[in-house]
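Read-outs: derived from the displayed coordinates by stated rules, not from any lab. What you see is a predicted model, and the numbers here were worked out from it, not measured in a lab. FYI the Cβ positions are ideal-geometry reconstructions off the backbone, even for glycines, and counts take in every protein chain you see.
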Amino acid sequence: KAGVTQTPRYLIKTRGQQVTLSCSPISGHRSVSWYQQTPGQGLQFLFEYFSETQRNKGNFPGRFSGRQFSNSRSEMNVSTLELGDSALYLCASSDGGTDTQYFGPGTRLTVL
Amino acid sequence: QKEVEQNSGPLSVPEGAIASLNCTYSDRGSQSFFWYRQYSGKSPELIMFIYSNGDKEDGRFTAQLNKASQYVSLLIRDSQPSDSATYLCAVNAAGNKLTFGGGTRVLVKP
């Protein structure tokens, strides 16, 4: 089976812009979770989608949002980018029946 | 107090020796426990998961869980230079939301 894919792999934006990241889970997996990884805060949970519904949410401001499509692909959006949003954004998929999560390669976002 | 705590290291281990990594967690309701390996510049890769008290072995890796002590550990036997990485402990208390420790950097010296 192909693994989790994320696009784009690298992104450079300026403050105030918005960005959309995409994630395709492992075939047959219905749960997609998003995480932010920074050197200072480590890996932090953003939100989880299952069957097109947000099932869990972390402690991030409303500028961070996401959605999931009927084919389980997911997108996350960050509006009004801040310098502190520079991070590696990771998507993880699970089959929804267990909580074992497999990570994609990540999107490295740099905000200038 | 962080919810999941790990020693940041680096943990320096001679090649062929056993590396022992520890992780403590604060939420007694935690149900599932995971170890991920992350090479520099790469994404986390799942190594082990454990749900029940006791030991679970997979190749050179052994995960140990003690829910009463809120403690989970990872042993790497016959450590190889390719094991040099950051090891992340993750805990799932409810739903599908993993809480990660800060990671332990392991250096295996030839």
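Table for the structure above
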read-out	value
Selection from A:G16, A:Y102, A:S33, by position along the positive dipole direction of region A:5-108 (Cβ)	A:G16
Radius of gyration and Dmax over the Cα atoms of the protein assembly as shown, both given in Å	17.5, 51
Ranked list, fewest to most other Cβ atoms within 10 Å of each Cβ, for A:E52, A:E75	A:E52, A:E75
Estimated FRET transfer efficiency when R0 is 22 angstrom, pair B:E3-B:S52 (beta carbons, to 0.05)	0.55
Cβ-placed point charges (K, R +1; D, E -1), dipole of the protein assembly as shown about Cα centre in debye, nearest 20	460 debye
Of the trypsin sites (Lys or Arg not before Pro) in region B:1-82, those whose Cβ has at most 11 other Cβ within 10 Å and which sit in DSSP loop	B:R28
From phi via Karplus (6.51, -1.76, 1.60), per-residue ³J(HN,Hα) for region B:18-27 in Hz, x at Gly/Pro	9, 9, 10, 10, 10, 8, 10, 9, 9, 7
Environment charge at A:S33 (Cβ cut-off 15 Å; Lys +1, Arg +1, Asp -1, Glu -1)	+1
Counting all C-alpha pairs of chain A, share separated by more than 20 Å (%)	33 percent
Inter-label distance for B:E15 and A:Q41, nm, one decimal - labels placed 7 Å from Cα along Cα-to-Cβ	4.0 nm
Listed residue pairs exceeding 30 Å between alpha carbons, taken from A:K57/B:K109; A:K1/B:K56; A:K13/B:K109; B:K42/B:K97	A:K57/B:K109; A:K13/B:K109
Percentage, to the nearest whole number, of Cα pairs in chain B over 25 Å apart	15 percent
Region B:33-110 and region A:48-107: distance between their alpha carbon centers, rounded to Å	23 Å
Formal net charge of residues neighbouring A:G106 (Cβ-Cβ distance under 13 Å; K, R +1; D, E -1)	+2
